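One structure is given below, encoded as structure tokens.
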Amino acid sequence: MSVVARPQVTDPRTGRGWGSALTIATRCVLILIGVGIAIQTFIVVEARPQDLITGIHGMADLIWRAIPPDFSKLPAAFWPTLQTVDIALFGTLVGIIIALPLALLAAANMTPSRFAYYAARGIIGFTRAVPDLVWALLFVTAVGLGPFPGGLALGVHSVGMLGRLFAETIEQMDMAPIHALQLTGARRLQVFGHGIIPTILPSLLGISLYRLDENIRSSLVLGFVGAGGIGFQLLTAMNLFQYQEVSLLLIIIFVVVLTAERISAALRERLA
């Protein structure tokens, strides 16, 4: 069977194909659009690189006043640091507990009905769309200052992030063991405990560890709105112009974040 080649339409004056000309024109238009978007971002954010150059002396003076760090405040920083880590742990645990059943309802291959699917997807989408900082402001207003609203904020926001990732993991799992259990007459709870969990547990643990790593970073920022932890102490020190204490707290934050990142990465490697 012979294949007849389709003749290419060419411009009789230049001999070039109309298809190639259209491709070049499309690329030029896309490049112009990209350049226009880049230019408008600089205009909208009022970017002034010269201000950064002229303000470098103020930054240098601030750094000079923050040296050396005030290590005498190290004992006082222990409790806020522990609060920061525990806020992240609490938020991650709350997120896992709520996100897992929601993910089962939001997974197309496991949901019992279309209504449950869309309802679970809506809850996951809403909790993910609202930033954790906004959740912290809401919970601070509701329950007052302290680490508890920070943990609640991270927990609610983690529901959206973990719920989506858990649902995608469940949808991509091998369904053969699940179908085999269902054929034997196993109940839904038995299918969940003996089929779903063993299949996706390593992936869920890896995702949860990654979320814990992110929550530790987020808990530092939540302290700026009164959610406790070392972030609140950092904000207080900055407002009081205690820059040597600020430098100490920044060192502690760096150590905490780096340690959490390495531990999380090591655990994920063991689960892989």
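The values are calculated or read from the model by the stated rules, or taken from the named source; none is laboratory data. Since the structure is predicted, the reported quantities are computational estimates derived from the model, not experimental observations. Here the Cβ is made from the backbone with ideal geometry for all residues, glycine too, and neighbour counts use every protein chain on show. Protein only, heavy atoms only, side chains kept; ligands, DNA and RNA dropped before computing areas. Shrake-Rupley method; radii C 1.70, N 1.55, O 1.52, S 1.80 Å.
Data table
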{"quantity": "Every residue from the range 257-272 that is among the aliphatic types (A, V, I, L, M), under 20 Å from T92 (Cα atoms) and open to solvent by 30 Å² or more (accessible area, probe 1.4 Å)", "calculated": "L258, I263, A266, L267, L271"}
{"quantity": "Filter result for the condition that a residue is under 27 Å from the mean Cα position of the chain (by Cα), over 22 Å from I63 (Cβ atoms) and open to solvent by less than 20 Å² (accessible area, probe 1.4 Å), over I197, I178, I216", "calculated": "I216"}
{"quantity": "Residue pairs meeting the criteria (Cβ under 8 Å; at least 6 apart or on separate chains; first at negative phi, in the range 206-219; second outside any helix (DSSP H, G or I))", "calculated": "G206/A272; S219/A227; S219/G229"}
{"quantity": "Among residues of the range 166-177, those that are over 17 Å from L100 (Cα atoms), in contact (Cβ under 8 Å) with a residue 24 or more places away in the chain and hydrophobic (A, V, I, L, M, F, W, C), counted", "calculated": "1"}
{"quantity": "F126 being aromatic (F, W, Y) and touching a residue at least 24 places away in the same chain (Cβ under 8 Å)", "calculated": "yes"}
{"quantity": "Close pairs (6 angstrom Cβ cut-off, 6 or more residues apart or separate chains): closer than 15 Å to W79 by Cα and open to solvent by 50 Å² or more (accessible area, probe 1.4 Å) in the range 227-252, assigned to a helix (DSSP H, G or I) and not charged (D, E, K, R) anywhere", "calculated": "F232/G223"}
{"quantity": "Any hit, the range 101-123, residues being touching a helix residue (DSSP H, G or I) at 6+ places or on another chain (Cβ under 9 Å), under 23 Å from R217 (Cβ atoms) and not in a loop (DSSP other than H, G, I, E, B)", "calculated": "no"}
{"quantity": "The range 48-84: number of residues that are touching a Gly at 6+ places or on another chain (Cβ under 7 Å) and closer than 18 Å to L240 by Cβ", "calculated": "1"}
{"quantity": "Among residues of the range 66-78, those that are open to solvent by 50 Å² or more (accessible area, probe 1.4 Å), of a type outside the set (S, T, N, Q) and either under 19 Å from L152 (Cα atoms) or more than 31 Å from the chain's Cα centre (by Cα) (or both), counted", "calculated": "5"}
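Yes/no per residue for (1) open to solvent by less than 10 Å² (accessible area, probe 1.4 Å); (2) under 20 Å from A227 (Cα atoms); (3) out of contact with any Phe, Trp or Tyr (no Cβ under 9 Å at 6 or more places or on another chain):
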site: P80; (1), (2), (3): no, yes, no
site: A107; (1), (2), (3): yes, no, no
site: A116; (1), (2), (3): no, no, yes
site: G125; (1), (2), (3): no, no, yes
site: R128; (1), (2), (3): no, yes, yes
site: G144; (1), (2), (3): no, yes, yes
site: L152; (1), (2), (3): no, yes, no
